[in-house]
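See below for the structure under consideration.
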Amino acid sequence: MKDLTPATTTLDPIEIASRDEIEALQLDRLKWSLAHAYKNVPHYTASFDAAGVHPDDLKSLADLAKFPFTVKQDLRDNYPFGMFAVPRDQVARIHASSGTTGQPTVVGYTEADLKNWGNVVARSLRAAGMQPGDLLHNAYGYGLFTGGLGVHLGADALGLTTVPISGGMTPRQVRLIVDFKPKGITVTPSYALSILDEFNAQGLDPRASSLEVGIFGAEPWTNAMRREIEEAFDMHAVDIYGLSEVMGPGVSMECVESKDGLHIWEDHFFPEIINPDTGAPVADGEQGELVFTSLTKEAFPIIRYRTRDLTRLLPGTARSMRRMEKVTGRSDDMIILRGVNVFPTQIEECLMATPGLAPHFQIELTKPDRMDQMRILCEAADGSLSVDAKSAAGQTLASQIKQSIGISVQVDVAEVGGVARSQGKAVRIIDKRG
Ligand code: DLL
């Protein structure tokens, strides 16, 4: 793999500024953001008043802890445009969650917000090793989802040549990668695996492709998966994180030269980690729920938003801005199986360590006789595996899971192609417990 480290001279000065400079900027911007939200969004006026706090009470960054949290339900209650802080005609773009689990959540951006978004995504793409003039294959979905259009904004801001292919039509993805020779690909890690399968199905060697870096996010993925993808494509695999409520992709990004967690673009997004049960802030280095406050957003300021993502904050390394550890999972995706907490990423780690199995999987939960049961549906790595070999691989995975997580599960190893493929975010859990 090539060294893709960007030259320091190409970075935004704030990326390598001193902590004092960063914190001074954050304090100024935080004051503005709280005042802006309080003045222009009735929800924040009411929630600050109810908590007995006023934007003027913020004298230091630590004072932010006095302000109330915002949760997804608040966004739903104010559907569709109630959380906007500018008149609707100043909103240049709207995105929304799919709404498969309830009311969709709607977010908006002014022209200035789009510019800032483009800049943080450009910074992220550069951190991944992309440089002006490079070709990018953008396979995140275009549409209301922030992935496709968000990455596109950043690619334009950085001066890349973008192939806006979006998700789906996997044979065509492979064809255009082969024909156009992109240096980078932006895609969910699960869909990258589908593209990888398609390379193999077409008898093409993925390691011989032009790809030098994959920029993966929008769902949790493990370091074991990183090794698998890097090896399969002979390219770097780096992590990009974000969420619609805070901006979209580009809230934080892993640097290709260090691959040690994701630097949060702290000049636009202020992170906190809280104890998810008590809501109390915890110290940097401690695990908990990630909370974000936007510092510059005009159309949709967001104050102390509880992301439900679990991680911890770490000091800066390749950049001055603090890092968040790779997200292990969302509190929503945590399965409590007979009293043991399990995340799909833990299953992924065990699966990747089991020879003979492909990296695709789904977890099915049932409750026969009032006892929670977990079934892992995975598949053979290649079609030549005998029935006995498949069942042996399944047993190896089950005992690996028993050993490292401490739960008994049933493993079913399907034929190649037996697990539903993702074209965007993978569906990992099928809950049939009713
Ligand atoms: O998934 C934004 C995005 C698009 C990020 C493309 C990266 C690349 P939402 O659809 O609002 O936005 O989903 C946000 O996805 O709260 C996390 O639970 C999860 N997520 C996003 N990035 C990562 C990541 C986009 N790198 C939710 N690792 C977040 C783990 C991630 N989980």
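Helices (runs of 4 or more DSSP H) fully within segment 143-260 that include at least 3 residues being among the acidic types (Asp, Glu) and on the phi < 0 side of the Ramachandran plot: 223-233. Within the group Arg312, Arg323, Arg330, which residue is open to solvent by 10 Å² or more (accessible area, probe 1.4 Å) and either closer than 21 Å to Tyr140 by Cβ or within 9 Å of the ligand (Cβ to nearest atom) (or both)? Exactly one residue qualifies, and that residue is Arg330. Only one entry in Gly424, Gly417, Gly383 is farther than 26 Å from Arg338 by Cα, touching a Ser or Thr at 6+ places or on another chain (Cβ under 6 Å) and not in a strand (DSSP E or B), namely Gly424. Restricting attention to segment 379-429, the residues being in contact with a Lys or Arg (Cβ under 9 Å, 6 or more places away or on another chain) and β-branched (Val, Ile, Thr) number 4. Looking across segment 32-44, the residues that are in a helix (DSSP H, G or I) and closer than 15 Å to Phe84 by Cβ come down to Ser33, His36, Ala37, Tyr38, Lys39, Asn40, Pro42, His43, Tyr44.
For segment 404-431, the set of residues classified as out of contact with any strand residue (DSSP E or B) (no Cβ under 7 Å at 6 or more places or on another chain) and crowded, with 16+ Cβ neighbours inside 10 Å consists of Ser422, Gln423, Gly424, Lys425, Ala426, listed by residue number. Go through segment 206-225 residue by residue and tally those that are open to solvent by 20 Å² or more (accessible area, probe 1.4 Å), within 14 Å of the ligand (Cβ to nearest atom) and not hydrophobic (A, V, I, L, M, F, W, C). Summing the residues that are open to solvent by 20 Å² or more (accessible area, probe 1.4 Å), within 14 Å of the ligand (Cβ to nearest atom) and not hydrophobic (A, V, I, L, M, F, W, C) in segment 206-225 gives 3. Against the condition more than 12 Å from the ligand (Cβ to nearest atom), modelled with pLDDT of 95 or more and among the hydrophobic types (A, V, I, L, M, F, W, C), how does Leu149 come out, does it pass? When the stated conditions are applied, Leu149 does not pass them.
As a summary of the residue check, Glu228 satisfies the conditions (1) closer than 13 Å to Ser190 by Cα; (2) within 15 Å of the ligand (Cβ to nearest atom); (3) open to solvent by 10 Å² or more (accessible area, probe 1.4 Å) except for the one numbered (2). Residues that are within 16 Å of the ligand (Cβ to nearest atom) and closer than 21 Å to Ala122 by Cβ within segment 164-193 comprise Pro164, Ile165, Ser166, Gly184, Ile185, Thr186, Val187, Thr188, listed in sequence order.
With respect to the stated conditions, Pro249 is open to solvent by 10 Å² or more (accessible area, probe 1.4 Å), within 23 Å of Ser97 (Cβ to Cβ) and within 17 Å of the chain's Cα centre (by Cα). Residue count for segment 157-173, restricted to those that are open to solvent by 40 Å² or more (accessible area, probe 1.4 Å) and in contact with a strand residue (DSSP E or B) (Cβ under 6 Å, 6 or more places away or on another chain): 2. For segment 315-342, the tally of residues that are touching a Leu at 6+ places or on another chain (Cβ under 8 Å) and modelled with pLDDT of 95 or more stands at 7. A count restricted to segment 273-303 and to residues that are in contact (Cβ under 8 Å) with a residue 60 or more places away in the chain and within 20 Å of Tyr109 (Cβ to Cβ) stands at 11.
The values are calculated or read from the model by the stated rules, or taken from the named source; none is laboratory data. Worth saying up front: this structure is predicted, and the values here are computed from it rather than measured. Positions of Cβ are generated from backbone atoms using ideal geometry, with glycine treated the same way; all protein chains shown enter the neighbour counts. These accessible areas exclude ligands, DNA and RNA; they are computed on the full protein's heavy atoms, side chains included. Shrake-Rupley method; radii C 1.70, N 1.55, O 1.52, S 1.80 Å.
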